[in-house]
Amino acid sequence: MSDFIKDKFNPFNSSRLFGLTDYLSNFINLYNKNKLPKVILLTGEKGIGKFTMSFHLLNYIFSQKTKSLYDLDNFKINSENFYYKKILSNVFENFIYINNGDQKKVSIEDIRKIKITLSSAPLTNIPRFTIIDDVERLNLNAANALLKIIEEPSDINYFILINNKKNSIIETLKSRSIETKIFLDKNRQELILNNLVKLHNLESNSIFKFKKYATPGMLISFAEIFNKLEISKETSFYEKTSILLDEFKKNKNDIFLECIKFLIDINSSKELEKNQSNIINVCNDKNNLIEIINQYRNFNLNKNTVLEYFKVHPDYVR
């Protein structure tokens with residue numbers, strides 16, 4: 001994650017949970033009844049709060065039998081909790097977090113290291129959780145190595161696999177998990193976004209009116225990117241794309257390409273509002289534009305190749 005967006009909105013700093021409180025309550029209920037699945041698969045769009053909700057579940061569990069309990073009335077992590085502080089300091093052996101994101105892909109060796117860690121008994125008598133984010137992007141070898149670990153359940157080890165639906169998850173891995181599909185309706189999406197904007201004292205940004213085109217977490221990230229890169233609403237689409245393509249090359253973070261796709265969604269929808277009879281052409285153009293962005297990422301295309309491609313497409317991307 002690039003320097004200018006990694007700290008302020010890092011889910012580890014999300015001490016409040018909004019919108020997904022019913023999901024959290026259900027998992028807490030299962031835990032209290034000793035029925036929490038050993039391997040949980042959370043599936044849903046990136047940026048809807050799957051990791052944040054998981055992190056709150058773990059903090060609820062870890063805070064049990066301590067003086068600084070999780071605040072279940074307000075769905076808030078107690079910042080004074082001993083285990084919460086250890087997690088933030090990255091020194092808590094009962095919490096393992098693996099991010100299979102853009103900058104570092106998880107290898108089979110990484111999974112083997114997890115197995116070694118889990119083979120030793122922890123010092124504390126509390127459950128141990130391993131969270132793997134972007135689990136659907138594991139390569140086949142890493143996924144099969146993970147499969148062998150989760151097929152050997154133990155009393156204390158739990159896994160939370162976060163599926164952001166970037167790729168198709170390996171079926172054998174999915175079949176060994178208990179899947180919960182996380183979905184935000186319009187009201188919950190607005191609730192989460194409004195609370196995040198208020199919580200972080202974000203300035204009113206025109207990007208927030210496009211709620212239906214992205215999840216709350218992604219909208220917040222896009223707004224921060226535009227702010228840090230000094231991209232205004234007056235900046236042309238073509239220029240925005242050029243800037244964001246450069247940032248992707250520099251940071252190797254998909255968020256910049258997702259931002260371009262977000263802008264394509266908005267502009268293609270505006271085109272449809274102007275002329276509903278042109279729906280086939282607009283949809284084809286949109287799909288072609290998104291495909292060239294994917295090719296830029298997957299095949300390391302030259303930026304000028306993408307921009308030249310845009311020049312022969314609809315007016316809104318020139």
Do you know which residues across region 296-317 are open to solvent by 60 Å² or more (accessible area, probe 1.4 Å) and more than 15 Å from residue 244 (Cα to Cα)? 298, 299, 308, 309, 311, 312, 315
Tell me, which residue of region 142-176 that is of a type in the set (D, E, K, R) and over 23 Å from the mean Cα position of the chain (by Cα) is modelled with the highest pLDDT? 148
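From the list 258, 234, which one is closer than 30 Å to residue 96 by Cα and among the acidic types (Asp, Glu)? Explain how you work it out, then say what you get.
Working: 234 fails: closer than 30 Å to residue 96 by Cα.
Residue meeting the stated conditions: 258.
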Six or more apart or on different chains, Cβ atoms under 6 Å: show the pairs whose first residue is in region 271-288 and under 14 Å from residue 261 (Cα atoms) and whose second is part of a helix (DSSP H, G or I) and among the polar types (S, T, N, Q). 286/268
(1) farther than 21 Å from residue 12 by Cβ; (2) modelled with pLDDT under 90 all hold for residue 104 apart from (1)
If we take region 55-174, then helices (runs of 4 or more DSSP H) inside it with 1 or more residues that are open to solvent by 70 Å² or more (accessible area, probe 1.4 Å) and touching a Ser or Thr at 6+ places or on another chain (Cβ under 7 Å) are 82-88
Which condition breaks for residue 139 when tested against (1) within 19 Å of the chain's Cα centre (by Cα); (2) in contact (Cβ under 8 Å) with a residue 40 or more places away in the chain? (2)
Scan of region 17-52 for residues that are open to solvent by 30 Å² or more (accessible area, probe 1.4 Å), farther than 26 Å from residue 259 by Cα and not aromatic (Phe, Trp, Tyr), ordered by number: 21, 22, 25, 26, 29, 30, 32, 33, 34, 35, 38
Among the residues of region 91-111, count how many are under 30 Å from residue 257 (Cα atoms) and without any contact (Cβ under 8 Å) to a residue 24 or more places away in the chain. 2
Residue check: is residue 257 open to solvent by less than 50 Å² (accessible area, probe 1.4 Å), hydrophobic (A, V, I, L, M, F, W, C) and over 30 Å from residue 111 (Cβ atoms)? no
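The values are calculated or read from the model by the stated rules, or taken from the named source; none is laboratory data. Only a predicted model underlies this, so the values are computations on that prediction, with no experimental measurement involved. A quick note on method: Cβ atoms are made from the backbone with ideal geometry, for glycine too, and the neighbour counts reach across all protein chains shown. Surface accessibility is based on the protein's heavy atoms, side chains included, excluding ligands, DNA and RNA. Shrake-Rupley method; radii C 1.70, N 1.55, O 1.52, S 1.80 Å.
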